[in-house]
1. When you check residue 271 against the structure, is it under 30 Å from residue 118 (Cβ atoms) and either modelled with pLDDT of 95 or more or of a type in the set (A, V, I, L, M) (or both), yes or no?
2. Scan region 113-137 residue by residue and report those that are under 21 Å from residue 308 (Cβ atoms) and in contact with a strand residue (DSSP E or B) (Cβ under 8 Å, 6 or more places away or on another chain).
3. Does at least one position in region 41-54 carry a residue that is touching a strand residue (DSSP E or B) at 6+ places or on another chain (Cβ under 9 Å), farther than 25 Å from residue 319 by Cβ and not in a helix (DSSP H, G or I)?
4. Restricting attention to region 279-311, and to residues there that are under 30 Å from residue 268 (Cβ atoms) and over 19 Å from the mean Cα position of the chain (by Cα), which single residue is surrounded by the most Cβ atoms within 10 Å (Cβ to Cβ)?
5. Tell me, yes or no, whether region 21-34 has at least one residue that is at pLDDT 90 or above, assigned by TED's automatic domain parsing to the domain that holds residue 308, surrounded by fewer than 20 Cβ atoms within 10 Å (Cβ to Cβ) and in a helix (DSSP H, G or I).
6. Considering each of 247, 320, 333 in turn, give the residue that is in contact with a strand residue (DSSP E or B) (Cβ under 8 Å, 6 or more places away or on another chain), within 22 Å of residue 183 (Cβ to Cβ) and assigned by TED's automatic domain parsing to the domain that holds residue 151.
7. Consider only pairs whose beta carbons are under 6 Å apart and that are at least six residues apart or on different chains; among these, list those whose first residue lies in region 193-204 and is surrounded by fewer than 21 Cβ atoms within 10 Å (Cβ to Cβ) and whose second residue is outside any helix (DSSP H, G or I) and modelled with pLDDT of 95 or more.
Amino acid sequence: MVTIKDVAKKAGVSPSTVSRALSGNGTVKDSTRQKVLEAVKLLNYRPNFLAQGLKEGRTKTVGLIIPNIRNPIYPAVARGVEDAARKFGYTVILCNTDENVKAEKDYINKLRKRWVDGIILSPASNDTEHILELQKENFPFVIIVRNVDFQANAVLIDNYRAAYDAVSFLIKTGHRRIAIVKGNQQLSLYRERFRGYQQALLDAGIPIYEELIAGDDSDSVQWSLDGYNAINGLLMQKVKFDAVFATTDLRAIGAIRAIKDHGFKVPEDISVIGFDNLEFSSLIDPPLSTVSQPLYEIGMRAVNKLIPLIDNKNVIEPTTEIMVSELIIRKSTR
């Protein structure tokens, strides 16, 4: 393997001169730089950026730990992270936990051993003690999408308010028996969306009917099946409702399929509203009313928040940035 010393010998300069010529740090004569570049080409030298990074205390890599890239909200988030990281000269390492806390802990440990400069993380569950340890050790990290139960650097939306506004819209348009496909209540974002649903009903003087609360507490890749099973179960039991608030777009799509399978029309008989505003949500029949999350921007903002944490050796007080969500009304609601 060709080393920097081999290049220095070939060019007739010192290794430190080779380093300055290749990095652009420090003054090197144009003629000297040219000799170095010719030696690099002749010897087919490839700089060891990891060794250089360790010497500088920086590897210019960040880890992105997410529950599942098959969950359609995360590709947009990941792209935002990658695009922003590239502008800062950083490379992103993607890790999928599959909603498994042990896998999440393992990834954090492995990434740190491989000298990543920071981590962007969407937690697998409400078990976050290992994430709190990162904060105690002053290791740079930013939480995205799913919140933790302690004050941390994070980029999120207000899930409570977004759900409250969606259900309030249904109430304002005349709906009174609103079912919910609640999502996994072990995760804070679904708890907040459920809380927003409940409070919107209470503020309107509408009872919270237990028979209208549907969905299970799993968060596998079968999100649309959860929506289908939840609403199909209500219809099989002859439960009456005039609207569905689904805590993801895929659950909403499953709900629409179940409603149609029972011979009802959307929105004439039952209105449906989702959450996420996935790219294809406007293309289904009928086009889905939904809460739009700025997923790509969340990824970008997370990087913009992480880089100063990496650059600043002093402890920075953790802050949470709340991104703006938007209620998008299409033809699945009346």
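The values are calculated or read from the model by the stated rules, or taken from the named source; none is laboratory data. Please read these numbers as outputs of a predicted model, since none were measured by experiment. Note that each Cβ is placed from the backbone with ideal geometry, even for glycine, and that neighbours are counted across all protein chains shown.
1. Spelling it out, it is not the case that residue 271 is under 30 Å from residue 118 (Cβ atoms) and either modelled with pLDDT of 95 or more or of a type in the set (A, V, I, L, M) (or both).
2. 115, 116, 117, 118, 119, 120, 121, 122, 131, 134, 135
3. No: zero hits.
4. Among those residues, the one meeting the criterion is 288.
5. No: zero hits.
6. 320 is the lone residue from the list that is in contact with a strand residue (DSSP E or B) (Cβ under 8 Å, 6 or more places away or on another chain), within 22 Å of residue 183 (Cβ to Cβ) and assigned by TED's automatic domain parsing to the domain that holds residue 151.
7. The qualifying pairs are 198/208.
Matching residues to (1) of a type in the set (Val, Ile, Thr); (2) more than 24 Å from residue 230 (Cα to Cα); (3) in contact (Cβ under 8 Å) with a residue 60 or more places away in the chain:
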{"site": "250", "(1), (2), (3)": "no, no, yes"}
{"site": "275", "(1), (2), (3)": "no, no, yes"}
{"site": "280", "(1), (2), (3)": "no, no, no"}
{"site": "294", "(1), (2), (3)": "no, yes, yes"}
{"site": "299", "(1), (2), (3)": "no, yes, yes"}
{"site": "331", "(1), (2), (3)": "no, no, yes"}
